[in-house]
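The values are calculated or read from the model by the stated rules, or taken from the named source; none is laboratory data. Note that the structure is predicted; figures quoted are calculated from it, not measured. No Cβ is skipped: glycine too gets one built from the backbone with ideal geometry, and neighbour counts run over all protein chains shown.
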C-alpha cells in the first residue's frame, strides 16, 4: 500500500485503497507491503504446486502443457511391471518348493 502525495506543499497524502485524504505527519512511519505481498503470492503458487503434485491428474508448475496424466500413466505401468516381476518370483518359488517336496 503506497501513499500518493496529493499536495506536497500542504503535506497532504492520499491513500488510494481507502480514498482517505490526510495530513502527512513526521512521527508516523508507514511501510509499503507490496514487495512482501509479491513474495507471498509466489510462495502461494509454490504451495499450490506442492499440493497439485499429490494428485496424478493435476498439472505441475514447471511441466509442459498436455502432460497432466503423466504421473498416472507412469504409476500404472511401473506398478504393472513390478506386479508381474513379483508374481513370477512367487510362482517360481512355489515351483521350487513343489518340486522339492515331490508334489510334481
Inset, instruction - Starting from region 52-74, keep only residues that are outside the structural domain of residue 42 (by TED's automatic domain parsing), then list their pairs with residues that are outside any loop (DSSP other than H, G, I, E, B) and exposed (fewer than 11 other Cβ atoms within 10 Å of the Cβ) whose Cβ atoms are within a distance under 7 Å, requiring at least 6 positions of separation or different chains. - result: none
Inset, instruction - Within region 69-88, identify whether any single residue is part of a loop (DSSP other than H, G, I, E, B) and under 22 Å from the mean Cα position of the chain (by Cα), and answer yes or no. - result: yes
Inset, instruction - Sort through 103, 90 and tell me the only one that's at pLDDT 95 or above and more than 30 Å from residue 46 (Cα to Cα). - result: 90
Legend entry - Residues that are free of Cβ contacts under 8 Å to residues at least 12 places away in the same chain and closer than 30 Å to residue 61 by Cα, drawn from region 12-43: 35, 36, 37, 38, 39, 40, 41, 42, 43
Inset, instruction - Report yes if residue 70 is surrounded by 11 or more Cβ atoms within 10 Å (Cβ to Cβ) and over 30 Å from residue 10 (Cα atoms), otherwise no. - result: yes
Inset, instruction - Among the residues of region 8-24, write down those that are surrounded by 12 or more Cβ atoms within 10 Å (Cβ to Cβ) and outside any loop (DSSP other than H, G, I, E, B). - result: 12, 13, 14, 15, 21, 22
